[in-house]
Amino acid sequence: MFSLPLAISLLVLSELVDAETIHIPLTRRAPTRAHDLDYYNSVAAGLRGKYNYGTVEPGVSGRRRATVDGIPVINQDGDTSYLGTINIGTPPQAFEVVLDTGSSDLWVADSSCASCPSTAAAFISSSSSTVRATGGATTISYGSGNVAGTINQDVVSMGSNFTVRSQTFLAATRLQSGLLTGEVSGILGLAFQAIASTRGTPFWQNLLNAGQLAAPEFAFWITRFGNDPEAKDIEDGGVFTLGGTNATLFSGEIEFLDMAGSSTPSYWLLPLQGVTVQGQSVSVATGNNALSAIDTGTTLIGGPSADVAKIWASVPGSSRASNSQGLYTFPCKTQVNMTLNFGGRSWAISPDDMNLGPINSAGVTCAGAIFDLNMGSNIPVGSGNPSWVVGATFLKNVYSVYRADPPSIGFAELSTAAGGSGTAPGTRAESGASTLHAQSATLALFALSFIASLYMFV
Ligand SMILES: *[C@@H]1O[C@H](CO)[C@@H](O)[C@H](O)[C@H]1NC(C)=O
Ligand SMILES: *[C@@H]1O[C@H](CO)[C@@H](O)[C@H](O)[C@H]1NC(C)=O
């Protein structure tokens, strides 16, 4: 970050060098000296930094222009988390972070964090020449745990095109166990500033405000490996496109739906308009009584107790799993065909995504991907809180677009290249649902408890 005191002292020094006479008092600027745009940009940047606004790479001299870029996504642990790489600091330190449309803070593990996983990269603030501690500290609460730390600002970049000079982020010094696994260092929140615990402007909104995005939107194609017994811990996760969409990844039109909820956007919210299971409509609450957070940071789909119970009641042989976090089980041989209706159109979820695999070595009982979000205590309806959290289980089946202006969410069918919508790509087509049964029961059991602890990042 180009700080304000540095800008001024350089200016004074250059005046001293340029001056033909020595009569000019050092404390007074030469009246004839004009400041160029870079100077005012640095002043503005310093002021924004002071008041915790993000500062942006100024679009001067055509060095930065509005652009669109496809950022590779990593699929971790068979569709559990979708990650992207960000760089923080000068010189840049790289981190893998959960790309999370269900929250609005950016945070990464700090090198001083003893409770953060040692397998993940941690931010070394003494190694960045541009980091600035704001003096603030906060705790961010997620469905799956809390993270606490200090609030900082530094240069944050993503892909080859996008840089925010003074991005607010939390350097996490304390982490509830289980919140991060593997090589994940933190979370990049992609929802709106209104729900940011750090109060900082989210990275994507800083890019938008600076005119760096060719279109006021970003989009996701995320891959499916949960049904692949050969899948490694880390697989290709798809494409996160910042500043536009990628036409090779969807077919037909993108159907944009106005956001639901209050006039100040918070989560990416849509009203759920209906649910079908095995081709039959299920009588769930709909519309503004069924606000759904469209959430790339959540593995599964969570909904209100009563509605989730009705959905599973439509699947013969299903039951609520004991000792679980609101999960249900059903006979592995049953294909669960489910659709969610947004904006009048029903979007199919692949039966492979509905089945998390067997829960015991017999391999006859499988866990389902829709769980009871409130476990009996219903979130108050109409408070702006989402009733549903719609995660990767659904989002693997569509191309999803998050548009800031006007606030709206778009869905389109996946192109054949992206696996297609309404069907499961890859092995399932050849070998059928039996691939699921081939999964090691131990692995599936592990996945179940793992998913239960990690299922939401709202
Ligand atoms: C669009 O997605 C395809 C398929 O992943 C990728 O090869 C291509 O680079 C992407 N295009 C852009 C502009 O990101
Ligand atoms: C699920 O849908 C497929 C394809 O439409 C169909 O063949 C199958 O019978 C359906 N299964 C159930 C249990 O409804």
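The values are calculated or read from the model by the stated rules, or taken from the named source; none is laboratory data. On a predicted model such as this, the values are computed, not experimentally measured, just so you know. Counting neighbours? That spans all protein chains shown, and the Cβs are built from the backbone with ideal geometry, glycine included. Calculation scope for accessible area: heavy atoms of the full protein, side chains included, ligands and nucleic acids excluded. Shrake-Rupley method; radii C 1.70, N 1.55, O 1.52, S 1.80 Å.
Here is how the numbers come out for the structure above:
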read-out: Region 108-264 shape via C-alpha gyration tensor axes, a/c threshold 1.5; value: oblate
read-out: Under 17 Å from the residue 176 label point (7 Å along Cα→beta-carbon), backbone N, region 194-223; value: 197-198
read-out: Dipole of region 222-298, positive end: most advanced residue of 266, 298, 283 [Cβ charges, Cα centre]; value: 283
read-out: Chain lengthening between residue 65 and residue 289 when straightened (0.36 nm per residue, less Cα-Cα); value: 76.5 nm
read-out: Residue 94 paired with residue 313, simple spin-label distance in nm, labels 7 Å along Cα-to-beta-carbon; value: 5.2 nm
read-out: Rounded accessible area per residue of region 117-156, 1.4 Å, Å²; value: 41 Å²
read-out: Neighbour net charge for residue 172 - beta-carbon separation under 11 angstrom, K R +1, D E -1; value: -1
read-out: Of all accessible heavy-atom area on region 119-172, the percent that carbon and sulfur account for (1.4 Å); value: 46 percent
read-out: Approximate spin-label separation residue 114-residue 230, in nm, with each point projected 7 Å along Cα-to-Cβ; value: 4.5 nm
read-out: 18 Å tail of the calculated P(r), region 195-296, as % of Cα pairs; value: 68 percent
read-out: 1.4 Å probe accessible area per residue over region 213-283, in Å²; value: 44 Å²
